[in-house]
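Q: Below you'll find the structure I mean.
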Amino acid sequence: MAKPAVWKNDKRYYDLKSYWRNLFGCNVHKLQIDAGFTCPNRDGHVATGGCIYCDGRGSKLRQQGALPRITTQIKSGKKYYTGKADKFIAYFQTFTNTYAPIDKLKLIYDEALNEENVIGLSIGTRPDCLPAETIELLSDYARKYHVWVELGLQSIHDKTLQLINRGHNVQQFFDTVKALDGTGINICVHIIIGLPGESDKDILQTAHTLASLPISGIKIHSLLALQGTALGEMYQKGAVNIILKDKYVSLVCDVLEILPPQMVIQRLTADGYRDIFLAPDWAANKLDVLNSINRELQRRDTYQGTHYQDK
Ligand code: SF4
């Protein structure tokens, strides 16, 4: 397979920056927003304790005290990107950003979209937290704005979702993807490589399944062990193996080769808080990981999509 000309980038996969430049003809950046949401997998609505890798502290901003208004967060984000971006996507990132009554959600999203040069929304949430009325609201926005929903999934295997205490199953994910399909909302799915109990085959099955669904984007990262999490405790007791860099790089390349060439790769590395970071050490050097992935694809002489539709 030749490199798709539409990517117009110097990478072996279709990165988000290039996708937005191609779509809008300018530089677009996400502005991270903490709107004060919680998570049903932490507050007892679905489960308590959260996913085993979740530190539960929320954004750095939340840790500093009372959250600034959304407009204030957007203005300071835009200031940070002065000269680097022309348009912005309001990225509701912290916890579950659809976990509130519809009227409240509308107020929150409207506040972001009323800011100058904010051309869309990216909303991080869970597959079990998108009722029909929320999808309808987002679909209304999608008629006028660029809208993404980011679904935390991590794995397509129920045994893994149970082990990591996701509090939802794979069928709920399929149902939500089906409900979102055709609404004008772009779907991005988050997956983790290196989850406990998962074989290479399990990971590749996750990639094949996602490749067959109407999904426009993906975020991939390695499992991180953080202090104060159930996984961190397992790691400190020697009860879990953390993936090695070479293995991660190789599996990311395998996954990229399986995914369709038009799927936007939104992330290939993890962001862990340095103050509670336990492992793996190599994940702290994001640039090195990205370079290693590109080098490995070069060595293989493959691209994202090389093995798309291979079974
Ligand atoms: S769904 Fe997200 S916010 Fe909720 S517990 Fe899991 S990782 Fe944490």
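The values are calculated or read from the model by the stated rules, or taken from the named source; none is laboratory data. Nothing here was measured: the structure is a model prediction, and the numbers come from that model. Here Cβ is always computed from backbone atoms with ideal geometry, including for glycine, and neighbour counts include all displayed protein chains.
Q: P127 passes all but one of (1) assigned to a loop (DSSP other than H, G, I, E, B); (2) touching a Phe, Trp or Tyr at 6+ places or on another chain (Cβ under 7 Å); (3) surrounded by fewer than 21 Cβ atoms within 10 Å (Cβ to Cβ); which number fails?
A: Unmet condition: (3).
Q: Now for a separate question. Looking at T96, T48, which one is surrounded by fewer than 16 Cβ atoms within 10 Å (Cβ to Cβ) and farther than 19 Å from Q262 by Cβ?
A: Going through T96, T48 in turn, just one is surrounded by fewer than 16 Cβ atoms within 10 Å (Cβ to Cβ) and farther than 19 Å from Q262 by Cβ: T48.
Q: Another one. With the checklist (1) surrounded by fewer than 18 Cβ atoms within 10 Å (Cβ to Cβ); (2) away from the ligand (no atom under 14 Å from the Cβ) in hand, flag the one item Q73 doesn't pass.
A: The one condition Q73 does not meet is (1).
Q: Read through the list (1) modelled with pLDDT of 95 or more; (2) more than 18 Å from V189 (Cα to Cα); (3) in a loop (DSSP other than H, G, I, E, B), then give the number of the only condition that G58 fails.
A: Every listed condition holds for G58 apart from (1).
Q: Report the residue count in the range 138-181 for those that are out of contact with any Leu (no Cβ under 9 Å at 6 or more places or on another chain), among the polar types (S, T, N, Q) and within 13 Å of the ligand (Cβ to nearest atom).
A: Summing the residues that are out of contact with any Leu (no Cβ under 9 Å at 6 or more places or on another chain), among the polar types (S, T, N, Q) and within 13 Å of the ligand (Cβ to nearest atom) in the range 138-181 gives 2.
Q: It is to be established whether one or more residues within the range 203-225 are part of a helix (DSSP H, G or I) and within 16 Å of the ligand (Cβ to nearest atom).
A: no
Q: I've got another one for you. Out of all the residues in the range 181-202, which are charged (D, E, K, R) and either closer than 23 Å to V147 by Cβ or in a strand (DSSP E or B) (or both)?
A: D181
Q: A further question follows. Going through the range 98-131 one residue at a time, which ones are among the polar types (S, T, N, Q) and farther than 15 Å from I187 by Cβ?
A: N114, N117
So that you can scan it fast, the table gives a plain yes or no per residue for (1) at pLDDT 95 or above; (2) of a type in the set (S, T, Y); (3) surrounded by fewer than 15 Cβ atoms within 10 Å (Cβ to Cβ):
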{"residue": "G120", "(1), (2), (3)": "yes, no, no"}
{"residue": "K144", "(1), (2), (3)": "yes, no, yes"}
{"residue": "T160", "(1), (2), (3)": "yes, yes, no"}
{"residue": "V170", "(1), (2), (3)": "yes, no, no"}
{"residue": "F173", "(1), (2), (3)": "yes, no, no"}
{"residue": "V177", "(1), (2), (3)": "yes, no, no"}
{"residue": "G182", "(1), (2), (3)": "yes, no, yes"}
{"residue": "L195", "(1), (2), (3)": "yes, no, no"}
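Q: Step by step: first the residues of the range 231-252, then only those that are assigned to a helix (DSSP H, G or I) and among the hydrophobic types (A, V, I, L, M, F, W, C), then the one that is farthest from E296 (Cα to Cα). Which residue is that?
A: M234
Q: Take the residues in the range 265-290 that are within 27 Å of W148 (Cβ to Cβ) and not hydrophobic (A, V, I, L, M, F, W, C); name whichever of them is surrounded by the fewest Cβ atoms within 10 Å (Cβ to Cβ).
A: Checked the range 265-290; the qualifying residue surrounded by the fewest Cβ atoms within 10 Å (Cβ to Cβ) is D271.
Q: Which condition does G49 not pass, out of (1) near the ligand (Cβ under 10 Å from one of its atoms); (2) at pLDDT 95 or above; (3) farther than 28 Å from K106 by Cβ; (4) among the small types (G, A, S), if it passes all the others?
A: The one condition G49 does not meet is (2).
Q: Sticking with this structure for a sec: Test each condition in (1) assigned to a helix (DSSP H, G or I); (2) crowded, with 20+ Cβ neighbours inside 10 Å for G305 and report the one that comes out false.
A: Looking at each condition in turn, G305 falls short on (1).
Q: May I pose another question? Go through the range 13-39 residue by residue and tally those that are surrounded by fewer than 19 Cβ atoms within 10 Å (Cβ to Cβ) and within 14 Å of the ligand (Cβ to nearest atom).
A: Final tally of qualifying residues: 2.
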